[in-house]
1. Give the accessible surface of region 21-103 per residue, rounded to a whole number of Å², with probe radius 1.4 Å and ligands, DNA and RNA excluded.
2. Under a point-charge model restricted to the Cβ atoms of Lys and Arg (+1) and Asp and Glu (-1), what is the dipole moment magnitude of the chain relative to its Cα centre, in debye to the nearest 20?
3. Just checking my list [x] 1.09; [y] 0.98; [z] 0.96 against Rg/Rh (Cα atoms, Kirkwood Rh) computed from this structure; which label fits?
4. So for each of 94-101, 47-54 I average, over its residues, the number of other beta carbons within 10 Å; can you give me the resulting order with the highest mean first?
5. Can you give me the solvent accessible area of Tyr133 with a 1.4 Å probe, rounded to the nearest 10 Å²?
6. So what is the 222 nm mean residue ellipticity for the chain from helices alone, if each DSSP H run of at least 4 adds -39500 (n - 2.57) and you divide by all residues, rounding to the nearest 500 deg cm²/dmol?
7. Of the listed pairs Lys9/Lys49; Lys20/Lys174; Lys20/Lys167; Lys9/Lys158, which have alpha-carbon separations greater than 20 Å here?
8. Starting from the amide H of Leu86, placed 1.01 Å from N in the peptide plane, find each other amide H under 5 Å away whose residue is 5 or more places distant or on another chain.
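The values are calculated or read from the model by the stated rules, or taken from the named source; none is laboratory data. What you see is a predicted model; the values in this text were computed from it and never measured. Positions of Cβ are backbone-derived with ideal geometry, glycine not excepted, and every protein chain shown enters the neighbour counts. Calculation scope for accessible area: heavy atoms of the full protein, side chains included, ligands and nucleic acids excluded. Shrake-Rupley method; radii C 1.70, N 1.55, O 1.52, S 1.80 Å.
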Amino acid sequence: MANWLGHLKTVHHHRALVRKHCFRVGLYWQGLTHDLSKYAPVEWIPGVKYYQGNRSPNEAERAAKGYSSAWLHHKGRNRHHYEYWLDYSTDLNEGIIGMKMPVRYVVEMFIDRVAASKNYMKEKYTNQAPLEYYEKGAARLGKMIHPETAEHLHQLLKMLAEEGAEKTCSYIRK
């Protein structure tokens with residue numbers, strides 16, 4: 001029961017943070033509909049089973065099973081994840097590569113990363129944390145994220161770290 005309630009609180013808190021920030025930059029529909037797939041049984045049940053409160057249950061499911069069924073479902077239904085935008089290249093020698101994401105989804109991805117950092121780090125959160133987390137894993141992304149998408153996301157994360165949330169939100173609104 002504790003896992004169920006903890007997971008519910010985590011999902012609701014994350015969605016509330018995303019909604020708040022999406023509304024600040026004018027992405028009202030995305031703020032309202034963000035991560036609704038987390039309530040589908042294929043995502044909800046593993047979320048409860050692998051809930052820990054300090055990291056994504058997807059990481060725990062992946063560690064236990066070698067893959068995350070919840071994540072495989074989630075990334076295929078939520079356009080704010082760069083993994084949603086993987087497709088075969090028109091160059092047959094390249095295989096699967098990241099497609100350029102529309103700006104509104106890059107912004108939602110940025111907001112999602114900030115909200116996830118706040119949600120899991122709690123009082124330890126700083127505006128530098130989302131950038132540090134991204135930079136730790138950026139080298140692994142290779143061709144999975146389109147170079148322009150990666151640059152745009154990195155620019156927003158750097159702006160947040162260096163200039164703060166208010167200036168970053170102002171830039172995004174423009």
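1. Accessible area per residue, region 21-103: 57 Å².
2. On the way: 26 positive and 18 negative charges, 123 e Å.
I would put it at about 580 debye.
3. From the options [x] 1.09; [y] 0.98; [z] 0.96, the structure gives [z].
4. Working: 94-101: 15.0, 47-54: 17.1.
Descending packing order for the listed peptides: 47-54, 94-101.
5. 140
6. That comes out to -19500 deg cm²/dmol.
7. On the way: Lys9/Lys49 15 Å; Lys20/Lys174 18 Å; Lys20/Lys167 16 Å; Lys9/Lys158 29 Å.
Table pairs above 20 Å Cα-Cα are Lys9/Lys158.
8. Residues meeting the criterion, in which the H sits 1.01 Å from N, are Met99.
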